[in-house]
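Enquirer: The following block contains the structure, expressed as structure tokens.
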Amino acid sequence: MPDAASRVEPFSPQTAPAELDDLQSRLRATRWPDAPEDAGWSLGTDVGYLRELVAYWADGFDWPAQERALARLPRYRTRVGGLGVHFVHARAVAPTGPVLPLVLSHGWPDSFWRYSKVVPLLTDPGAHGGDPADAFDVVVPDLPGFGYSDRPVGAPLDTVAVAGLWARLMDVLGYPRFGAAGGDLGSHVSRCLALDHPGRVVAVHRMDAGLPVPGGDPAGLTPEERAWFADVAAWGASEGAYGAVHRTKPQSAAVGLTDSPAGLAAWIVEKLQAWSDNDGDLEQVFSRDEILTNLTIYWLTGTIASSMRIYHANAAIPAEQLARRVEVPSGFALFAGDVLRPPRAWLERTTNLVHLSEPARGGHFAPFEEPELYAEELRTFFRPYRAAAQGRR
């Protein structure tokens with residue numbers, strides 16, 4: 001049942017000038033580290049690039065213009081499970097057939113921003129070269145502790161708990177049945193929605209499989225699966241330091257990241273560079289304004305600490321929960337530039353796999369990097385499940 005007395009209220013924040021003055025002052029006062037000559041991105045953030053980005057953030061970036069652009073999305077807040085949740089709720093435009101409600105879940109380090117380009121492509125496909133019959137009602141919540149949703153004041157919520165909140169949110173919005181999709185942490189949330197609410201989720205689409213613990217004797221895995229787990233271990237050793245910090249001691253790093261916008265940028269921008277399909281040039285896929293919009297949302301909402309703590313919560317999810325098989329019809333898009341792309345055998349082992357595509361371009365942030373490809377992927381996958389989700393709009 002919907003939360004008692006849930007009210008859905010329009011939301012359009014406007015930043016006070018004093019907050020932007022403080023941000024600019026901090027940026028201009030950055031104390032920079034030294035860096036080995038020609039280190040580039042090999043040791044983490046490219047300090048030379050970051051200095052240029054920070055200079056533009058301080059003296060060239062127009063946040064009020066970006067804030068107005070984001071306000072063109074229909075944004076709301078309501079309370080579910082005792083938490084204030086911010087979300088985009090965009091309804092289908094001129095549909096010619098059954099409308100499928102779709103909840104999209106983001107990951108780290110982003111927010112509803114991840115889907116800001118793709119929302120109009122999904123709600124109004126006819127205006128973007130698609131079939132109007134493929135229109136969705138789109139819901140894009142900020143995870144608790146991310147963006148403009150409330151930060152949990154007690155123990156951080158794991159993705160199982162977040163999935164429960166999203167089920168309640170869809171109740172509040174009048175959607176008894178719906179599709180779910182996501183990537184990164186949002187893939188975990190979508191998976192848990194399908195596991196815990198199979199009577200409501202008609203189908204689930206994910207950009208990655210997550211890493212549930214394999215059951216039984218590893219010798220029973222295929223050679224491709226065993227090779228993939230070896231790749232996962234190697235990636236964790238070379239690239240996983242951020243995750244270890246988030247899982248174990250997030251508050252230690254969060255002090256500096258919350259105090260210094262340049263430090264925040266260093267922590268996040270390196271992941272945008274490493275995980276996107278950019279041929280070594282970050283601004284090939286993200287403009288400076290786009291990068292800084294994501295960073296400024298984190299800075300103004302003060303959510304870097306709370307966004308990191310979800311890793312700590314997820315680390316305590318029991319192994320038997322992680323090993324559950326998803327029986328809801330499942331689809332995957334393994335974009336060419338994404339990290340840790342699992343083999344088909346693993347997807348078949350862990351889900352009711354009915355769809356698998358491998359787009360030739362796009363990375364971990366594909367909805368933002370390649371919104372047209374991502375929108376077409378969702379239209380194609382969910383097309384057979386539209387009639388199953390009819391209910392009150």
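Values in this text are rule-based calculations from the coordinates and carry no lab data. Because the structure is a prediction, the values reported are computed rather than measured. FYI the Cβ positions are ideal-geometry reconstructions off the backbone, even for glycines, and counts take in every protein chain you see.
Enquirer: Round to the nearest 0.05 the FRET efficiency obtained for A319 and Q251 when R0 = 25 Å and r is the Cβ-Cβ distance. It would help to have the intermediate numbers written out before the result.
Expert: On the way: r = 26 Å, r/R0 = 1.04.
With a Förster radius of 25 Å, E is 0.45.
Enquirer: With a ≥ b ≥ c taken as the square roots of the eigenvalues of the C-alpha gyration tensor of region 335-393, please select rounded if a/c is under 1.5 and otherwise prolate if a/b is larger than b/c or oblate if it is not? Mind showing how you got there, number by number?
Expert: On the way: a/c = 2.64, a/b = 1.30, b/c = 2.03.
Judged from the Cα gyration tensor, region 335-393 comes out oblate (a/c at least 1.5, b/c at or above a/b).
Enquirer: Here is a further query. Would region 109-259 count as rounded, prolate or oblate if I go by the C-alpha gyration tensor, calling it rounded below 1.5 in a/c and otherwise prolate when a/b exceeds b/c, oblate otherwise?
Expert: Details: a/c = 1.71, a/b = 1.26, b/c = 1.35.
Oblate, because a/c is 1.5 or more while a/b does not exceed b/c.
Enquirer: Follow-up question, since we're still on this one. With charges only on Cβ, +1 for K and R and -1 for D and E, what is the dipole size of the chain about its Cα centre, in debye, rounded to 20?
Expert: Charge dipole, the chain, about its Cα centre: 1620 debye, nearest 20.
Enquirer: List the residues, sorted by chain then number, that are 5 or more residues from A135 or on another chain and whose placed amide H is less than 5 Å from its amide H.
Expert: When sequence neighbours closer than 5 places are left aside, the close amide H contacts are T96.
Enquirer: Could you calculate the contour length gain from R288 to A360, that is, 0.36 nm times the residue separation minus the distance between their Cα atoms, to one decimal place in nm?
Expert: Extra length from R288 to A360 when fully extended: 23.5 nm.
Enquirer: Out of all DSSP beta bridges in the chain, what portion is antiparallel? Express it as a percent rounded to 5.
Expert: 35 percent
Enquirer: Trypsin sites (Lys or Arg not before Pro), restricted to region 1-98: which are DSSP loop and have at most 11 other Cβ atoms within 10 Å?
Expert: On the way: sites: R7, R26, R28, R31, R51, R68, R72, R75, R77, R79, R91; in loops: R7, R31, R72, R91.
Those that pass, being in a loop and sparsely packed, are R7, R31, R72.
Enquirer: Quick one: putting +1 on the C-beta of Lys and Arg, -1 on the C-beta of Asp and Glu, what dipole do you get for region 137-267 around its Cα centre, in Debye to the nearest 20?
Expert: Result for region 137-267 is approximately 260 debye, rounded to the nearest 20.
Enquirer: Sticking with this one: Specify which residue in the list A305, F335, G145 is farthest towards the positive end of the charge dipole of the chain, using unit charges on the beta carbon of Lys, Arg (+1) and Asp, Glu (-1), about the Cα centre.
Expert: The residue sitting most towards the positive pole is G145.
Enquirer: Here's another thing I want to ask about it. Once R0 is set to 41 Å, what does the formula 1/(1 + (r/R0)^6) return for the Cβ-Cβ distance between S12 and A227, expressed as a FRET efficiency to the nearest 0.05?
Expert: Efficiency, from the Cβ-Cβ distance: 0.25.
Enquirer: Out of the DSSP beta bridges found with both residues in region 74-182, what percent are antiparallel (nearest 5)?
Expert: 55 percent
Enquirer: Nothing charged except the Cβ atoms of Lys and Arg (+1) and of Asp and Glu (-1): what's the magnitude of the dipole of region 249-393 about its Cα centre? Round to the nearest 20 debye.
Expert: 860 debye
Enquirer: Residue farthest toward the positive end of the dipole of the chain, with Cβ of Lys/Arg at +1 and Asp/Glu at -1: which of L173, Y56, Y385?
Expert: Going by the charge dipole, the pick is L173.
Enquirer: Can you give me the distance in nm between label points at A29 and R51, each placed 7 Å from the Cα along the Cα-to-Cβ direction?
Expert: My value for the distance between the label points is 2.1 nm.
Enquirer: Work out the charge dipole of the chain with +1 on the Cβ of Lys and Arg and -1 on the Cβ of Asp and Glu about the Cα centre, then indicate which of A241, A266, S105 is farthest towards its positive end.
Expert: S105
Enquirer: Also, quick follow-up: Please return the longest stretch of the chain lacking exposed loop sites, where chymotrypsin sites (Phe, Trp or Tyr not before Pro) count only if DSSP places them in a loop and at most 16 other Cβ atoms lie within 10 Å.
Expert: Answer - 42-393.
Enquirer: Please work out how much length the chain gains when fully extended from V339 to D279, using 0.36 nm per residue of separation minus the C-alpha to C-alpha distance, in nm with one decimal. Intermediate values should be presented prior to the final figure.
Expert: Details: separation 60, 0.36 × 60 = 21.60 nm, distance 1.40 nm.
This chain segment gains 20.2 nm when fully extended.
Enquirer: If you don't mind, another one. Can you work out the Karplus-derived ³J(HN,Hα) for every residue in region 315-325? Use 6.51 cos²θ - 1.76 cosθ + 1.60 with θ = phi - 60°, whole Hz, and x for glycine or proline.
Expert: In residue order, the calculated couplings are 5, 9, 5, x, 4, 5, 5, 5, 8, 5, 8 Hz.
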